[in-house]
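Peer 1: Mind having a look at this structure? Questions to follow.
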Amino acid sequence: MRDTPLSNCERDFLLKAIQEKKRLDGRQTYDYRSIKISFGTDYGCCFVDLGKTRIMAQVSCELITPKENRPNEGLIFFNIELSPMASPAFEMGRQSELLVKLNRQLERCLRNSKCIDTESLCVVSGEKVWQIRVDVHLLNHDGNLMDAASIAAIAALCHFRRPDVGIQGEEVTVYSTEERDPIPLSIYHMPICVSFSFFQQGTYLLVDPCEREERVMDGLLMIAMNKHREICSIQSSGGIMLLKDQVLRCSKIASVKVSEITELINKALENDKKARKTGGKFGFAESLPQERITALKTDVSHVEMSDVKEKANEIVQRAEVPPQTVPSPVLTAPGTGQVGEGLENSWGLKEEEEEEEEDETVELKMELEEGHEEKGRGDVVVISDSDSEEEDVVILNQVTTKEKASSSNQQGAVASKQQQKKKGQ
């Protein structure tokens, strides 16, 4: 999977910001991002955070037979893994150009510079030597992988301890950490890479480029140097031509940065050594309260709490008093309604209300017609139209005024007879 390319607006914005000597994260031209170094529970496990770029390095060892041309020297092997967890642009089981480039530069920086005494790794000449393996895993990608990988690798090598070995005749015995204390590697110096990115054919220079700045840069210069100002390796990539003065300028900047990073590594090693001796928290136990396992550590921001009550009272006084009465909802269309606290729950179902009224009027008419049927069943005339599709039935009640008068006279006679009976009693 390939990375999504930058749009023209983003590219122009980055280049214009670099021309004005501004960066996205607010750094200056020669500033590094914040570097954090921590160690795991086992020896040789190191985590390095360079801004949002996070890398883990793990060192291991095993006994192997040496090469025939160098029977008294041990071997050092480097392996870099770019997993899709760090960036969607990386694929598993496929070596990209970036992976090969990083692996070669790391070997030039640490192996070819002879920073580790390989002869001290010999156990039996021509038979048994130690092979040191450095596995570098990229956990999060945000630019400048080479610098972070070199810091993590050299810090893990300084932190690593190999098991002690005993020789009796032809037998080689490897002692565990409980039987004998492990032995650290003999390291002469600590080479560290410093990356410089060039823009607009070498006109502008930045130190420690982030991932977006790497996309718009024209060329890259990586200088590996130790604190003694000894250049271990130089590699230039991109289609730009650098002048002699530019390379010398970059080397002076690299010497300052390397000395600062070396001091930071030494302090981290000393703190870890003290924590292990005194029985303090280190490795996994140290990461628990700081929440560094699943998330990056955030700096604590201090909040002033002195004038909170006064400010709160001012805000309350300035605020407008909310109205106590809530206006009734306005129904703009049938089939809509408004439900809420302090409001009448009403629905604008005008059509249903009209239908209900029509049904009530029909029921009243039917009751009246039934009453008339009971009174005069004989005077009912039924008219039906057989020619129409639906038969229309009309009920006509023929009630004359004479019948109404006779019925009223009969009721009056009954009432007078009842009054006479009451008088007689």
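The values are calculated or read from the model by the stated rules, or taken from the named source; none is laboratory data. Worth saying up front: this structure is predicted, and the values here are computed from it rather than measured. Cβ: placed from backbone, ideal geometry, glycine included. Neighbour counts: every protein chain shown. When the accessible area is computed, the model is the full protein with side chains, heavy atoms only, and any ligands, DNA or RNA have been set aside. Shrake-Rupley method; radii C 1.70, N 1.55, O 1.52, S 1.80 Å.
Peer 1: Through the Karplus equation 6.51 cos²θ - 1.76 cosθ + 1.60, θ set to phi - 60°, convert the phi angles of segment 192-199 into ³J(HN,Hα) values in whole Hz; use x for Gly and Pro.
Peer 2: 9, 8, 10, 9, 10, 10, 10, 10
Peer 1: Considering only C-alpha atoms, what is the centroid distance from segment 60-76 to segment 214-279, in Å?
Peer 2: Between the Cα centre of segment 60-76 and that of segment 214-279, the gap is 29 Å.
Peer 1: Further, regarding this structure: Round to a whole number: what % of the accessible area of segment 108-219 belongs to carbon and sulfur, probe 1.4 Å?
Peer 2: 41 percent
Peer 1: While we're here: Can you bin segment 34-94 into rounded, prolate or oblate? Criterion: square roots of the alpha carbon gyration tensor eigenvalues sorted a ≥ b ≥ c, rounded for a/c under 1.5, prolate for a/b above b/c, oblate for the rest.
Peer 2: The shape class here is oblate.
Peer 1: List the relative contact order of segment 186-280 as a percent without decimals, with contacts defined as Cα pairs under 8 Å and 6+ residues apart.
Peer 2: Across segment 186-280, relative contact order equals 25 percent.
Peer 1: Could you rank T53, T118, T177 by how accessible they are, 1.4 Å probe, largest area first?
Peer 2: T177, T118, T53
Peer 1: Give a quick list of trypsin sites (Lys or Arg not before Pro) in segment 38-101 that DSSP marks as loop, anything other than H, G, I, E or B, with at most 16 other Cβ atoms within 10 Å.
Peer 2: K52, K67, R94
Peer 1: With every protein chain present, what is the per residue accessible area of segment 157-272 (1.4 Å probe, Å²)?
Peer 2: Spelled out: the 1.4 Å probe surface of segment 157-272, per residue, equals 53 Å².
Peer 1: Which shape class, rounded, prolate or oblate, goes with segment 77-183 when its Cα gyration tensor gives a ≥ b ≥ c as root eigenvalues, a/c under 1.5 marks rounded, and past that a/b bigger than b/c marks prolate?
Peer 2: Verdict is prolate for segment 77-183.
Peer 1: With θ set to phi - 60°, apply the Karplus curve 6.51 cos²θ - 1.76 cosθ + 1.60 along segment 175-184 and write out the HN-Hα couplings as whole Hz, x wherever there is a Gly or Pro.
Peer 2: 8, 7, 5, 6, 7, 9, 5, x, 10, x
Peer 1: Work through the residues other than P71 whose Cβ is under 12 Å from its Cβ and net out their charges, Lys, Arg +1 and Asp, Glu -1.
Peer 2: Neighbourhood net charge equals -1.
Peer 1: Could you derive backbone 3J(HN,Hα) for segment 126-133 from the dihedral phi with the Karplus parameters 6.51, -1.76 and 1.60 (θ = phi - 60°), listing whole Hz in sequence and x where the residue is Gly or Pro?
Peer 2: Couplings: x, 10, 10, 9, 8, 10, 9, 10 Hz.
Peer 1: Can you give me the long-range amide H partners of C210? Hydrogens built in the peptide plane at 1.01 Å from N, cutoff under 5 Å, separation of 5 or more residues or another chain.
Peer 2: It is none; the list stays empty.
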